[in-house]
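Working notes for the structure below.
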Amino acid sequence: MIQNQFALKSKEQSFMYWHPYPEYFNCVPVPNRYRMPDFSMFSRQDNVSTIKHINQFMGRCGEAVAEDTLIVRLFSLSQSGSAFTWFTSLPSNSNNNWADLEKQFYNYFFVRIHDVHLADLIAIQQRNDELVPKSAGADASVST
């Protein structure tokens, strides 16, 4: 009645949450007496590597790790901050199995840290016209 009187239109839901996996994943039951684990949270802000996070996540899934659909479904429970935002922004039905989701996770968050080996340091050469930079704590008044 108020809508007609004031010519108001009802707001339709313009955004609906979707899962980045098929809807039937939600129908797969967890194992009997399965206790939901306390997952370590991955936020991208801390120094936890993606590999370490996946290993911790899989370890805490327990017997649910045997069911691909459950792992995919549980993964969002180990995300927070920008990582959770990433998860919720994945396209609907874009992950049909754990391998798909894990690959997308690594592609988005993985940062490779290169190890410096002795051979790399030996290969560094100083040109004749290059000065040796002084370290911040070095005494500038060293005499020879």
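The values are calculated or read from the model by the stated rules, or taken from the named source; none is laboratory data. On a predicted model such as this, the values are computed, not experimentally measured, just so you know. Cβ sites come from the backbone with ideal geometry, for glycine too, and all protein chains shown count toward neighbours.
Restricting to region 2-29, what's the tally of residues that are surrounded by 10 or more Cβ atoms within 10 Å (Cβ to Cβ), modelled with pLDDT of 90 or more and out of contact with any helix residue (DSSP H, G or I) (no Cβ under 6 Å at 6 or more places or on another chain)?
Selection size over region 2-29: 4.
With 64, 99 as the choices, which residue is under 26 Å from residue 32 (Cα atoms), more than 14 Å from the chain's Cα centre (by Cα) and surrounded by 13 or more Cβ atoms within 10 Å (Cβ to Cβ)?
So the residue among 64, 99 that is under 26 Å from residue 32 (Cα atoms), more than 14 Å from the chain's Cα centre (by Cα) and surrounded by 13 or more Cβ atoms within 10 Å (Cβ to Cβ) is 64.
In region 67-82, how many residues are part of a helix (DSSP H, G or I) and either in contact with a helix residue (DSSP H, G or I) (Cβ under 7 Å, 6 or more places away or on another chain) or free of Cβ contacts under 8 Å to residues at least 24 places away in the same chain (or both)?
10
Can you list residue pairs whose Cβ atoms sit under 9 Å apart, with the first residue in region 29-54 being farther than 19 Å from residue 107 by Cβ and the second being assigned to a loop (DSSP other than H, G, I, E, B) and of a type in the set (Asp, Glu)? Count only pairs 6 or more apart in sequence or on different chains.
30/67; 31/67
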